[in-house]
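Where a number appears in this text, it was derived from the coordinates with a stated rule and is not lab data. Nothing here was measured: the structure is a model prediction, and the numbers come from that model. Please note: Cβ atoms are built from the backbone with ideal geometry, for glycine as well, and neighbour counts cover all protein chains shown.
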Amino acid sequence: MNAWEKLLNNARGRSPWIYCLNTGACNGCDIEIAASLTPRYDAEQLGVRREGSPKHADILVVSGPVTLRTRDALLDIYQQMPHPKAVVAVGSCPASGNVFAGSPTVFGAVDQFIPVDVYVAGCPPRPQAILQGIAQAAQLLAAGKQKDHVEVIE
């Protein structure tokens, strides 16, 4: 890794831009994601910025199980993100489908379609855990994303 790549990876780790995607959740996790980005929890101390376009984001934050209507959008948004990128699955639904598993309109977990780097457990998870998951994904990006295992934040 040359000096320029080290500088870029360091910048990605210190200022992660996130794009949030609800793939069919009940909005409980979305409320907690929004809460984690407010001044009370101060996501800006980590350099976290919510981005409106996946083309500028480093980290994809996914909530909810993958449904018939959102599968194509999930794949399209993931492909639009520049490399390197990380994915944080927030809540129980993107990990297993949770209470929506077995529904005819739900495919299931997010990792069936895209690779997930960090899982944040809970239904819904605490805002502190969501920030910890985003920070863990940012560390993966800063390290050049040489991931050997999936991180689970509880």
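Taking H placed 1.01 Å from N in the peptide plane, check which residues at least 5 places from Thr67 or on another chain put their amide H under 5 Å from its amide H.
Phe107
Calculate I(q)/I(0) for region 33-77 by the Debye formula, one identical point scatterer on each C-alpha and no solvent, and give its log10 at q = 0.16 Å⁻¹ to two decimals.
With one equal scatterer per Cα and no solvent, log10 I(q)/I(0) is -0.56.
Anything in the chain that counts as a DSSP H helix reaching 18 Å or more along its axis (C-alpha) with Kyte-Doolittle mean of at least -0.5? List them, would you?
Sorted by number, the helices that extend far enough and score high enough are 127-142.
Evaluate 2.2 N^0.38 Å with N set to the residue count of region 3-145, then give the Cα radius of gyration divided by it.
Against the empirical 2.2 N^0.38 Å value, I get 0.99 for region 3-145.
Assigning unit charges at the beta carbon (Lys, Arg +1; Asp, Glu -1) and nothing else, what dipole magnitude in debye, to the nearest 20, does region 3-145 show about its Cα centre?
Taking the Cα centre of region 3-145 as origin, the dipole is about 180 debye.
Per-residue HN-Hα couplings for region 94-110, Karplus 6.51 cos²θ - 1.76 cosθ + 1.60 at θ = phi - 60°, whole Hz, x for Gly and Pro?
x, 7, 9, x, 6, 6, 8, 4, x, 6, x, 9, 10, 6, x, 6, 5
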